[in-house]
1. Give me the base-10 log of I(q)/I(0) for region 219-282 at each q in 0.12, 0.24, 0.27, 0.29 Å⁻¹, Debye formula, one uniform scatterer per Cα, rounded to two decimals.
2. Put a dot 7 Å past each Cα toward the Cβ at LYS337 and GLU358; how far apart are the dots in nm?
3. Please give the peptides 579-586, 480-487, 319-326, 414-421 ranked by average Cβ packing (other Cβ atoms within 10 Å per residue), highest first, as a rough proxy for protection.
4. If I model the chain as equal point scatterers sitting on the Cα atoms and use the Debye formula, what is log10 I(q)/I(0) at q = 0.05, 0.12 Å⁻¹?
5. Counting pairs of alpha carbon atoms under 8 Å apart in space and at least six apart in sequence, what relative contact order in percent does the chain give?
6. Modelled label-to-label distance, ALA643 and GLU277, 7 Å Cα→beta-carbon offset: nm?
7. Work through the residues other than TRP515 whose Cβ is under 15 Å from its Cβ and net out their charges, Lys, Arg +1 and Asp, Glu -1.
8. How large is the accessible surface per residue of the chain, computed with a 1.4 Å probe and reported in Å² as a whole number?
Amino acid sequence: MAKNVYRQGKKAVSISASGAINLRIGPVRITGSKLEVKMESGRAIFPLRGVQLSPPMTNDSLLGGGARLFARNVRSGLEITVNFVVPEEGPWIGLGVQVRNLQSAVVSLQRITLLRAPLRKIAPIGSAPRPYMLLESDHTGGAAGVRTIFGEPSGDEVQGEESRNFTAFFVPGGDCLFAGCLMSGKALSRLGLDRDHVFVTAEFNCEIPSYGCVETDLLVLSGGVPLGDAQERFGALHRGRRRGIEAAGYHAWTSDDWHAKDLVESDIMDTLAFLKETPWLRESIHYVIVGRGWQRALGEWEPQERFPSLMDTLAARIADAGFIPGIWIAPLAVSPKSVFAEKHPDWVLRRADKQEPEIGQLDYTLPAVRDHAYAAMRRLYDWGYRYFTTDFAGCEIEPGAYKFRGRTESVRQSFRSVVLAIRAAIGEDSFWHVTHAPIGPVVGLCDALSVAPPARPYFATLLGCARSGMFRAYQHGIMWLNDPGLLVVRGPQTAQPEGLRPGDNAGGPYERYGWEKGPMLKRHEARLWATWIVMSGGQVTLGDRIATLSAEGLAIIRKALPRAGNTPAVPLDLGVVPLPRIWQRIDDRSVNLALFNWSDEEAEIVVSPHQGARLPASGEIFEVWSEETVKLQGETLKRRLPAHSVELYEWDL
């Protein structure tokens, strides 16, 4: 019989006689973790008691060579296989579970608990004086950030004790324990704290047919590496379709912000003319996107009367002007009172709480809905559009949120099947930008992803966008191109009076992280937001009514565009402060260094080589916004910045 422990270098896996899993990953040890399979009936199965590890086999699940082992047991008519992956190279240990139904009857599976261990038994993280936790919402409109493990979150920390897809536990300035489930769309992964226990679960809420099986996404754990390195290595396990250096080729303008639902065809033509007549915009902007408001109704993807030329003609006019036509669509949304909803009442999801949402959602667990999404996207492709902004606003993949009719696979798998159908409909020659979406199911299929909530020209709102974007910055150029949010700069100091929409600048008192709370952007705040987009490396999508910006507003965009769309900057103080303030990007020819004061008060920021900063030997650096030269103090840059302001430096190598 095989030994019940396997060691490889500084990694080890073992199963105790009681069925508990023990792991060692570098300096981190996890002991006493219980694996549980939970049925919808409420029955719990603990499959590893008295089970032995198999002999090691070749690792075919993760890069880095090494071995794969498994433990298998049959309980209550289910064959449960637990796979352990121990690569020889790299920081990871992997853990995955497969459940096979050996019965003639259908079995309803609720969740699988992959990991559950007391925090105090995870050394050295559990004994740290003030450990922090990284939280990810798994939704482009949700928050990402850090919070202290003990006590209430404060200041710029995010709320909650549960993460999706991945999490990390770390001491500011130290190494971390990183846990993440590979985002292959098999189940909804939850990671976090339940009182004093760390847990990782895979939510299914599906039926396993007779002699069928389901399996979890592979859980990977690493220890003893800095947070930034762990994030980057996790992202590298999800190689996408684009590299960061390509982002400059996808800069765009969209009508979706300023014009919103009041869009008319002439709005597109007016902006098209301004872009064409302005040389520096014509050189940098490659796509013109027709935003929401063109459609007859949600679910009825035909042009309304405000678009008399029809959509194929409009696409041809955009192309004739020298730009690539793009279009917005929400293929799974439906207006509850539309003709489409009346025609297909069984396709419309009903909420479990019986509330009637303003925007209805189609039941994407049904094959007919998947075919509908394919047909709608293919029609836009046939009209001549090659840039697609697909909006999945309201699409819930939370078990229990809706009464789904399809039960042959998990809700997450059903959503990914729709994503696969959309990719097939628009072809490989189209650029696909996804927004308002659950993140995991679109991995490897979209070209760009919105990594922050919708941007609006208020500092309070943009602060939340930047916070989420900075903790997803590592994804850019690895998993997809990051869309950090629309580049909006309009405000009383940066736009002409006609450049402000009705209702703009009506935010009332300032509320940090509030939605459209406080005054509109001031010039220095617009510069801060533009600098963040530059340092994120992501694509730039302009959202203002460009022709009505003032000279100050246009100057911000003109300076940002040639510096944006590149590899992402690296935060030099990640894990030291809740919102990293020092970001540096180095390419083959130049260095950009940005200092952000995200706070509501004046702050001093110090940059030195011991933080990893690369400062010029000349002792002088050029600041982009003020166009002034700043002298270093020896090998240190020390600056005092007003609230909500930024300084952007650049120099040649």
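1. For region 219-282, the Cα-only Debye profile gives -0.61, -1.07, -1.17, -1.21.
2. 1.4
3. Numbers: 579-586: 20.9, 480-487: 27.9, 319-326: 17.9, 414-421: 22.5.
With the highest mean Cβ count within 10 Å placed first, the list reads 480-487, 414-421, 579-586, 319-326.
4. -0.24, -1.32
5. Details: 1616 pairs, mean separation 71.1, N = 653.
Relative contact order for the chain comes out at 11 percent.
6. Computed distance between label sites ALA643 and GLU277 equals 4.1 nm.
7. Working: positive: ARG456, ARG467, ARG512, LYS517; negative: ASP257, ASP504, GLU511, GLU516.
Once positives and negatives cancel, what remains is 0.
8. Values: 24980 Å² over 653 residues.
Per residue, the chain has an accessible area of 38 Å².
The values are calculated or read from the model by the stated rules, or taken from the named source; none is laboratory data. Everything numeric in this text was worked out from a predicted model, so none of it was measured. Reconstructed Cβ throughout: ideal geometry from the backbone, glycine too, with neighbour counts over all protein chains shown. Heavy atoms of the whole protein, side chains included, go into the accessibility calculation; ligands, DNA and RNA do not. Shrake-Rupley method; radii C 1.70, N 1.55, O 1.52, S 1.80 Å.
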